[in-house]
Amino acid sequence: MRSLRRKCEIRGEYTALTQKSLHIVSFDVPFPPNYGGVIDVFYKIKALKESGVDVHLHCFRYGRQESEKLNEICASVNYYERQMNNKLLFSSEPFIIASRRSELLLQNLSKDNVPVLFEGLHCCAYLSSTELSKKKKLVRTHNIEHDYYRGLADVEKKIMKRMYFRREAKKLQRFEKKLSLADAVLAISPSDATSLALRYKNVKHVMAFHPYEDVVAKTGKGDFALYHGNLEVGENNQAALFLVKEVFNNLDLQLVIAGNNPSAELKKEVAARKNISLKANIPTAEIDELIANAHVNILPTFQATGIKLKLLAALFLGRFCLVNSPMVANTGLESVCIMGETAPAMISQLKRLFKEEFKSEQIEKRKILLADKFSNRKNAEKIVELI
């Protein structure tokens with residue numbers, strides 16, 4: 001570990017800054033890219049490198065390891081320990097921001113005039129810093145954070161965590177006003193861009209970056225439905241429980257649920273049903289295989305924030321994709337999904353879909369739509385123009 005850190009520090013001296021250089025401050029180590037936020041960060045860095053940009057990465061670490069892979073695609077990589085101190089819960093700043101302060105980070109960003117991209121409000125502690133006042137500053141928003149945290153509070157059953165989410169939501173709403181200091185705010189979804197543009201004049205829409213180059217869905221039929229997501233996130237746990245209790249409870253179809261750290265309640269509910277199985281903490285490659293082999297990827301959500309990268313995975317890799325409107329609201333992806341707003345509507349759609357084959361014409365329709373809206377290269381070009 002020590003030798004890797006030393007290598008990063010040496011590379012971090014920036015022997016020669018090019019005209020196309022960019023600092024990126026990430027809320028977490030973006031490798032492996034195995035959950036929503038870091039997927040966007042990692043494939044953004046990769047696309048920028050392919051566009052000729054030297055990325056100087058700064059990432060906060062709180063559990064994930066330093067990565068040689070990041071050294072391969074970045075001009076330099078610097079790590080900072082996130083300060084997981086409970087005293088910061090009483091800070092006037094949101095905890096997700098106060099815990100990502102580092103004097104060393106500020107010093108490193110102040111060494112040159114290279115633009116900075118802050119990933120999420122999480123990393124914006126120094127957005128208003130006088131040391132960075134002459135720099136071009138961009139902020140990537142992954143959600144409307146105060147809406148996201150209110151949504152987490154609504155589905156949280158533990159009182160103390162619910163109180164934390166609600167306090168954090170209020171702090172985030174106050175802190176968000178600092179986005180007016182950025183040269184550009186890069187919203188991840190059309191609905192987020194519309195919402196932010198009502199409050200700020202510097203909003204641009206740059207869709208989510210992702211690992212998929214082409215639609216590789218299979219034709220034909222599968223014999224199960226799949227729900228996948230990070231199950232330790234409250235909204236995903238809620239969606240999985242909804243499917244178990246209200247959709248597949250009395251349905252003679254197989255459901256597989258895949259994701260990290262399922263709750264005790266979800267494990268108990270799944271164990272009580274013969275037609276539902278749970279695959280916990282499996283590798284990304286295995287989840288991709290499940291997505292590809294499922295007949296239906298079923299993805300309800302009760303929180304219309306950002307854009308769900310699991311939806312893109314289902315559309316690039318999988319057959320039929322059954323969703324409710326919050327999952328696809330204002331994404332432009334409605335035409336390649338099947339809609340079901342309620343449990344009875346989803347049951348009806350599932351019964352119909354399992355009698356049908358997924359056809360090549362449906363794959364071609366996806367290819368046209370996704371190549372236009374979700375091109376990593378085109379999105380990287382938008383950022384290059386800004387820097």
Select from segment 243-252 the residues that are touching a helix residue (DSSP H, G or I) at 6+ places or on another chain (Cβ under 7 Å) and either surrounded by fewer than 18 Cβ atoms within 10 Å (Cβ to Cβ) or touching a residue at least 60 places away in the same chain (Cβ under 8 Å) (or both) and list them in ascending order. LYS245, GLU246, VAL247, LEU251
Looking at segment 207-237, which of its residues are more than 18 Å from the chain's Cα centre (by Cα) and of a type outside the set (A, V, I, L, M, F, W, C)? ASP214, LYS218, THR219, GLY220, LYS221, GLY222, ASP223
Out of the residues in segment 336-366 that are surrounded by 14 or more Cβ atoms within 10 Å (Cβ to Cβ) and basic (Lys, Arg), state the one that is nearest to GLU246 (Cα to Cα). ARG366
Out of everything in segment 53-82 that is part of a loop (DSSP other than H, G, I, E, B) and at pLDDT 95 or above, what residue ends up being surrounded by the fewest Cβ atoms within 10 Å (Cβ to Cβ)? ARG82
When LEU105 is run through (1) farther than 20 Å from ASP28 by Cβ; (2) aliphatic (A, V, I, L, M); (3) modelled with pLDDT of 95 or more, the failure sits at (1)
Residues of segment 253-269 being surrounded by fewer than 20 Cβ atoms within 10 Å (Cβ to Cβ), within 26 Å of the chain's Cα centre (by Cα) and within 22 Å of LEU315 (Cα to Cα), which ones? VAL256, ASN260
If the requirement is being buried (at least 22 other Cβ atoms within 10 Å of the Cβ) and farther than 23 Å from PRO300 by Cβ, which of these qualifies: LEU172, LEU181? LEU172
Which numbered condition in (1) under 22 Å from the mean Cα position of the chain (by Cα); (2) surrounded by fewer than 16 Cβ atoms within 10 Å (Cβ to Cβ); (3) at pLDDT below 95 is the only one that LYS201 fails? (1)
So ILE307 clears everything in (1) surrounded by 21 or more Cβ atoms within 10 Å (Cβ to Cβ); (2) touching a strand residue (DSSP E or B) at 6+ places or on another chain (Cβ under 8 Å) except one condition, right? Which one? (2)
Condition first: of a type in the set (A, V, I, L, M, F, W, C) and over 24 Å from ALA329 (Cβ atoms). Now tell me which residues in segment 142-183 satisfy that. ILE159, MET160, MET163, PHE175, LEU181, ALA182
If we keep only residues of segment 90-110 that are assigned to a helix (DSSP H, G or I) and surrounded by 17 or more Cβ atoms within 10 Å (Cβ to Cβ), then the residue farthest from the chain's Cα centre (by Cα) is ASN108
Please verify whether ALA239 is assigned to a helix (DSSP H, G or I) and among the small types (Gly, Ala, Ser), treating the condition exactly as stated. yes
Within the bounds of segment 207-222, is there any residue that is farther than 29 Å from ILE363 by Cβ, outside the structural domain of ASN260 (by TED's automatic domain parsing) and of a type in the set (S, T, N, Q)? no
Pull out all pairs, ordered by first then second residue, where Cβ-Cβ is under 9 Å, the residues are six or more apart or on different chains, the first lies in segment 30-47 and is at pLDDT below 95, and the second is among the hydroxyl-bearing types (Ser, Thr, Tyr) and in a helix (DSSP H, G or I). PRO32/THR284; PRO33/TYR43; PRO33/THR284; ASN34/THR284
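The values are calculated or read from the model by the stated rules, or taken from the named source; none is laboratory data. Everything quoted here is computed from the prediction, not taken from an experiment. Neighbour counts are summed over all protein chains in view; Cβ atoms, including those assigned to glycine, are modelled from backbone coordinates with ideal geometry.
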